[in-house]
Amino acid sequence: MASKFGLAGGIPERRVRPIWDAIDSRQFKTALKITTTLLSKHPHSPYALALKALILERMGKSDEALSVCLNAKELLCRDESLLMDDLTLSTLQIVFQRLDHLDLATSCYEHACGKFPNNLELMMGLFNCYVREYSFVKQQQTAIKMYKLVGEERFLLWAVCSIQLQVLCGNGGEKLLLLAEGLLKKHVASHSLHEPEALIVYFSILEQQEKYSDALEILTGKLGSLLMIEVDKLRIQGKLLARAGDYATAANVYQKILELCADDWEAFLHYLGCLFEDDSCWSNETINAPIHPPKFVECKLTHLTDEVFDSRISNASAFVQKLRAEASNDSLRNPYLAHLEIERRKFLFGKNNDDDLIEALLQYYSRFGHLACFTSDVEAFLQVVSPEKKMEFLDKLMKNSNSLSAVPTKALGQSITLLKTQELIGNMFRLSVGELEGSAVQMAELYRKNLPLSKELDPQESMHGEELLSIVCNVLVQLFWRTRNLGYFVEAIMVLEFGLTIRRYVWQYKILLLHLYSHFGALSLAYERYKSLDVKNILMETVSHHMLPQMLASPLWADLSNLIKDYLKFMDDHFRESADLTFLAYRHRNYSKVIEFVQFKERLQHSNQYLVARVESPILQLKQSADNIEEEESILESLKCGIDFVELSNEIGSKSLTFNEDFQSRPWWTPTKEKNYLLGPFEGISYYPKENLTKEREANVRGIVERKSLLPRMIYLSIQSASVLQKDSSEINGSLADPKISSELKTLLERYAKMLGFSLNDAVDVVVGVSHGLKSYEAFGSDIIDWLNFAVFFNAWNLNSHEFGQHGGECTPGSWHLVNSLLESYILGKVRSMEPLIQSPQGDLPILVQLVTEPLAWHGLVIQSCVRSCLPSGKKKKKSGSMDQSLSLLTHAIRDAIQSLCGILEEVAKWSQDQINSPEDNKIDILVSPLRRNGQDEGPGQVFHIFETLVSSPNETELGNRISQALRDWSPVDVARKIVSGQCTVLSEFWRICESKIKSLKTLKQQIAQV
Amino acid sequence: MTTIRRFCCNDLLRFASVNLDHLTETFNMSFYMTYLARWPDYFHVAEGPGNRIMGYIMGKVEGQGESWHGHVTAVTVAPEYRRQQLAKKLMNLLEEISDKIDKAYFVDLFVRASNTPAIKMYEKLGYVIYRRVLRYYSGEEDGLDMRKALSRDVEKKSIIPLKRPVTPDELEYD
């Protein structure tokens, strides 16, 4: 019954081939034409219909495609005599899937399988449908049917995976694992197993039930030979033994692994763990565990007696000695690092003081100090010693620096390591300003002197000493933080730009620069640097934190929109295609990957960034259209008036979140996207660990999503609330939904207030207090935007409510005045106190942008809605006399509000314009001249001077043609000009936003004057 | 100092410092996952202390008859772990799996004709230039198809260089 020879879906293949060819070459019109002819001959062929639907979908005609598909489906289900082959069904499936109707595809297959219960091909199709729907239970049932039908191992494993998925990702209880185990056991007894992956799944089923000895028995039995790579087998064995508590045997197994792979660090840690009967490294990972595990190696030692510890540690030492002696080359770091770990444990157990550990570190330096990974290798060991000891270590290293390697590249590596160690232990924070400057100069000199080493290198290869400029930049930023002397900040930028002139591929420089530019308000420049990193695909999830947060508070809406769109598209595409890839893993019998893929999809679905982007995307749209109420309303309509987002806000508290951002590459001064030390004063802090603040961040993200996802709905309700206020009371009590609007808005206001830490009444008191000058803006803390939003929505609600009469009451100007004065005094206060952007990195520009594009914009919408409802229109009834009076009160209030907003915006626009218009040359001079104070040996400019000297007379024979040419291209004035124009781009966008709002308000002013 | 193990999905979230390098391509998800779903033994990652990703290798095994071979799709090492022979270790692992487990005849790879440092490295590892593929990279740059014979190809027939360059459509596999 399935496709017979030469037939495709019951139609001769030669007739179908041209259609496929046309589709493949994207000639959809031609394809459609041939299909229409085909359909005239086979009007009831589901396959021909499916093809037509497929073509229509590709042409973007989704509705037509769906109706043709449904037609085909109906034919298939109705006509018993029709062919029901996998080709037809899978073609329909493709179309249904693309139309987001997985359920319809599934029901086609279900019907077909019901009709032909023993057709394996159809059952596989059905299984695939369930995989796409993540219906693990039905997957299991279908797989079992297939297994019963043909008894193949793979179908059994499909069922077992489906069971495991129910337990790991569904609501299945752990008891189900027993069922999976039973199935496997029975199959093994009668057929054995033939795939290594099947065995791995078997182990994981047993492991999940803590049946370690059962698993070990299987591993050491006949089936164990399925694992062809000896080390893999030993790793499983070691893990199972350790988990079973047989540490002594496990330690022996890890010893064997290390004899085979002496460089396996993880195996060594497990070996030690087993020696010390410590299970901390086996603790189970949960899905929302941070993706970058802490660097610190956990270990438990307290349960050991002195004697036991002594004997075990001496065993370990002897073994490591042996490994070291047997190592075929001395470039293996593991045996030496192992020695460090042993010393660390001794120290933690109180056996030794930290001198031995320091000694071991020094030895490690003398052997591997030239490697770029030295500092990251020893980080965990340095963490356990006291600050004094760290300093002692550093001093000893410094003394060592007189005896550097004779090989120049090695000597350079050792010097860089020294500097990085200094950075790592926080010594840079203890140095005086003078010392820091000296150190920056020294590093720049080192860089300059060693440039000739890279003469022969291919431009694609990283150059020797590249890291130096990153460290110089870090020092200069610290100098800026301490002294607030802008010169250092500019110098930090210059250093990195200089580095990029010499080799333009260094991504580490680009990341530092993008943060410096962001901090300097030159966001468009930062974005350019970001784009040059070519962040795409999965990197968007791990790297976009460098850029996205700043962009959210910027006026660069087009760029922001692209960033969010690209990111959401990537994630959504993955969610769409992930199931197909999971099925691929099933088909290729890589069962462990099945589980991994499903879990990975879940991890991404719970990504905190994804959630934030989903909320920020509509908010951006709402900001962009806020000057035009009709456009805004159509956006709100497309968002289902914000209902789904309210739901998201409700759910967020119980949702688990994942944090997949890679923060390792962030600069020291902004270790997470929420933190920027430069915003605060320098506080002699001695050490800035790049800690993983997941807990803190989690609460923060939840708060943001919870609050922000209420916005679309509150905006919608505010517009509604403001637009019905002119209807008379009979209408209000009649069919219109005003009471509902009012009460819903009140509920949301209550929630909003609660998130700010107050009851509704108290929150209202706070805003009233601040607006009357009884309380200062400090009362709002860092939540200023949210408080002002609250005031705006409160006013909108108050227009339609009688509850807060004392603050405003029925259409009286009280709450209007409240919002006007809050916006006015806060925004104008900011503008008037702001210094020129060129002299003050990260001033209040981001907050100013947010004020204008959020609360002020929402207030503008309330005004627009009021004006619209005040305008006489044919549909409205004549107002009664009493209404006229309240109308006049309202129009008065609206006029005041328009006037107030216009005044604010005009001043902000003027400020921006003044910034833009101030002469470029002056601004460039402000940036460059502090660096060009030749001959000074303090203050900014010393590093810059070194580079200027180098550039002025490059020695071509020493540096080679490429580097010399690059040096000739170096132009600090161009860098300064780019900064200036980058700031201007941002300011111009902001100015444009203000102007557009002013224009819209002026129109409203004219309209309201006619009422 | 290096634990080499199978690459898993979560490593995609850890490899940013490797992939930000301009010569390392970040493919789309279905590309990585297809490799993981079909050839998990050919996709390995090297991890250093603190679970840092040092580098990784991805590849596959394919072909008919005597052209049954392992293929290196990508091999890359993070800047701080370079010049430590890590790429060599990863390559050796893939060669061993192709040789011992899948009994392939040879391993091959493509490299930009301009990427001299990489070509030199592969030559050191025993690869020879088998043929030139004209305009292989985005229709612009030529690629070099480099090969290394495995034990099954006793006479080393698979690596006898072709006399003339080929075009991308003449390639047997993608």
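The values are calculated or read from the model by the stated rules, or taken from the named source; none is laboratory data. Everything numeric in this text was worked out from a predicted model, so none of it was measured. Glycine gets a Cβ as well: all are built from the backbone with ideal geometry, and neighbour counts include every protein chain shown.
Some observations on this one:
- Taken together, A:GLU133, A:GLU152 contain a single residue that is under 30 Å from A:VAL201 (Cα atoms), surrounded by fewer than 16 Cβ atoms within 10 Å (Cβ to Cβ), within 35 Å of the chain's Cα centre (by Cα) and among the charged types (D, E, K, R), which is A:GLU133.
- Enumerated helices (runs of 4 or more DSSP H) restricted to the range A:893-1011, each holding at least 1 residues that are modelled with pLDDT of 95 or more, of a type in the set (Ser, Thr, Tyr) and within 30 Å of A:LEU851 (Cβ to Cβ): A:972-1009
- A:PRO555 assigned by TED's automatic domain parsing to the domain that holds A:ARG697 and surrounded by fewer than 23 Cβ atoms within 10 Å (Cβ to Cβ): no
- Candidate set: the range B:28-55, residues that are free of Cβ contacts under 8 Å to residues at least 24 places away in the same chain and within 7 Å of chain A (Cβ to nearest Cβ); chosen: the one surrounded by the most Cβ atoms within 10 Å (Cβ to Cβ): B:ALA37
- Restricting B:GLU80, B:GLU25 to residues that are at pLDDT below 95, within 12 Å of chain A (Cβ to nearest Cβ), in a helix (DSSP H, G or I) and over 27 Å from B:PRO161 (Cα atoms) narrows the list to B:GLU80.
- Among the candidates A:SER554, A:SER561, A:SER524, residue that is farther than 27 Å from A:LEU486 by Cβ, hydroxyl-bearing (Ser, Thr, Tyr), more than 14 Å from chain B (Cβ to nearest Cβ) and more than 12 Å from the chain's Cα centre (by Cα): A:SER561
- Of all residues in the range A:532-551 being polar (S, T, N, Q) and within 14 Å of chain B (Cβ to nearest Cβ), the one that is nearest to A:VAL852 (Cα to Cα): A:SER544
- Members of the range B:32-50 that are in contact with a strand residue (DSSP E or B) (Cβ under 9 Å, 6 or more places away or on another chain) and either assigned to a strand (DSSP E or B) or not hydroxyl-bearing (Ser, Thr, Tyr) (or both): B:LEU36, B:ARG38, B:TRP39, B:PRO40, B:ASP41, B:PHE43, B:HIS44, B:VAL45, B:ALA46, B:GLU47, B:GLY48
- Only one entry of A:LEU87, A:LEU82, A:LEU75 meets the criterion of being at pLDDT below 90, assigned to a helix (DSSP H, G or I), more than 42 Å from the chain's Cα centre (by Cα) and aliphatic (A, V, I, L, M), and that entry is A:LEU75.
For (1) within 14 Å of chain B (Cβ to nearest Cβ); (2) under 30 Å from A:LEU622 (Cα atoms); (3) more than 26 Å from the chain's Cα centre (by Cα); (4) in contact (Cβ under 8 Å) with a residue 40 or more places away in the chain, each residue gets a yes or a no:
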position	(1), (2), (3), (4)
A:GLU466	yes, no, yes, yes
A:SER470	yes, no, no, yes
A:LEU476	no, no, yes, yes
A:TYR530	yes, yes, no, no
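- Residue-level check: of (1) exposed (fewer than 14 other Cβ atoms within 10 Å of the Cβ); (2) within 11 Å of another protein chain (Cβ to nearest Cβ); (3) at pLDDT 90 or above, A:GLU285 misses just (3).
- Selection over the range A:423-455 of residues that are of a type outside the set (Gly, Ala, Ser) and either in contact with a strand residue (DSSP E or B) (Cβ under 9 Å, 6 or more places away or on another chain) or at pLDDT below 90 (or both) gives a count of 8.
- Residues being surrounded by 19 or more Cβ atoms within 10 Å (Cβ to Cβ), aliphatic (A, V, I, L, M) and more than 7 Å from chain A (Cβ to nearest Cβ) are represented in the range B:10-22 by at least one member.
- Those residues of the range A:232-281 which are over 26 Å from A:GLU197 (Cβ atoms), within 36 Å of the chain's Cα centre (by Cα) and assigned to a helix (DSSP H, G or I), in sequence order: A:TRP265, A:PHE268, A:LEU269, A:TYR271, A:LEU272, A:GLY273, A:SER280
- Residue identified as within 19 Å of the chain's Cα centre (by Cα) and surrounded by fewer than 18 Cβ atoms within 10 Å (Cβ to Cβ) among A:SER656, A:SER634, A:SER607: A:SER656
- Flag for A:ASP627 being modelled with pLDDT of 95 or more, within 14 Å of another protein chain (Cβ to nearest Cβ) and within 22 Å of A:GLY642 (Cβ to Cβ): no
- Per-region count, the range A:951-980, residues closer than 23 Å to A:GLU920 by Cα, surrounded by fewer than 16 Cβ atoms within 10 Å (Cβ to Cβ) and in contact (Cβ under 8 Å) with a residue 40 or more places away in the chain: 2
- If you go through the range A:333-387 and pick out every residue that is touching a residue at least 24 places away in the same chain (Cβ under 8 Å), outside any helix (DSSP H, G or I), of a type in the set (Gly, Ala, Ser) and away from chain B (no Cβ under 12 Å), you end up with 2.
- For the range A:661-672, the count of residues that are within 21 Å of A:ASP572 (Cβ to Cβ) and at the interface with chain B (Cβ under 10 Å from one of its Cβ atoms) is at least one.
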